[in-house]
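Working notes, beginning with the structure itself.
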Amino acid sequence: MKDIENNDDLYRLVDEFYKKLLSDSSISYIFTDVVKLNLEEHLPILVTFWSQSLFNTGGYFNNLTQIHLDISKKEYLTPELFKIWLYHFNTTVNELFTGSNAEKIKTQALNIATVLEIKTRQEKK
């Protein structure tokens, strides 16, 4: 296995990751019923986000926190949902890649999930 090296690798990662999310009924409803996600439109945005995060390429201008707070107002994003998300993310990375960037992206995903979970919990109070 190789490390995550470019946007093609990131596209493969997020595509496989979302296949896992969408096939898991404990979380898929967030994407299908609450957000009504158009995956074809969303994948390039995710690649841009992770490319900026991993390779410092820039280009992602959305407010990640506010997007998730808005979703959580429609359907509370529980700590369990963040655990499921992180589990599928880490599993996908581990199945496809190995190396420093693979480890870095898993750490970044943990940081993001932790911050978003805290923020959504605070917002719910």
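What follows is calculated from the coordinates using simple rules that are stated; it is not laboratory data. Just so we're clear, the structure is a prediction, and the values are computed from it rather than from any experiment. Counting neighbours? That spans all protein chains shown, and the Cβs are built from the backbone with ideal geometry, glycine included.
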Residue match in region 24-36 (condition: in contact with a helix residue (DSSP H, G or I) (Cβ under 6 Å, 6 or more places away or on another chain), surrounded by 13 or more Cβ atoms within 10 Å (Cβ to Cβ) and closer than 25 Å to ASN6 by Cα): no
Unmet criterion (only one of (1) aliphatic (A, V, I, L, M); (2) surrounded by fewer than 18 Cβ atoms within 10 Å (Cβ to Cβ); (3) closer than 24 Å to LYS2 by Cβ) for VAL93: (2)
Index of the failed condition, GLY58 passing every other in (1) loosely packed, with under 14 Cβ neighbours inside 10 Å; (2) in a helix (DSSP H, G or I); (3) over 16 Å from the mean Cα position of the chain (by Cα); (4) not polar (S, T, N, Q): (2)
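To keep it simple, each residue is scored yes or no on (1) among the β-branched types (Val, Ile, Thr); (2) without any contact (Cβ under 8 Å) to a residue 24 or more places away in the chain.
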{"residue": "MET1", "(1), (2)": "no, no"}
{"residue": "ASP9", "(1), (2)": "no, no"}
{"residue": "PHE17", "(1), (2)": "no, no"}
{"residue": "LEU21", "(1), (2)": "no, no"}
{"residue": "ASP24", "(1), (2)": "no, no"}
{"residue": "LEU37", "(1), (2)": "no, yes"}
{"residue": "VAL47", "(1), (2)": "yes, no"}
{"residue": "GLY58", "(1), (2)": "no, yes"}
When residues of region 73-125 are limited to those that are in a loop (DSSP other than H, G, I, E, B) and not hydroxyl-bearing (Ser, Thr, Tyr), the one nearest to ASP33 (Cα to Cα): GLU75
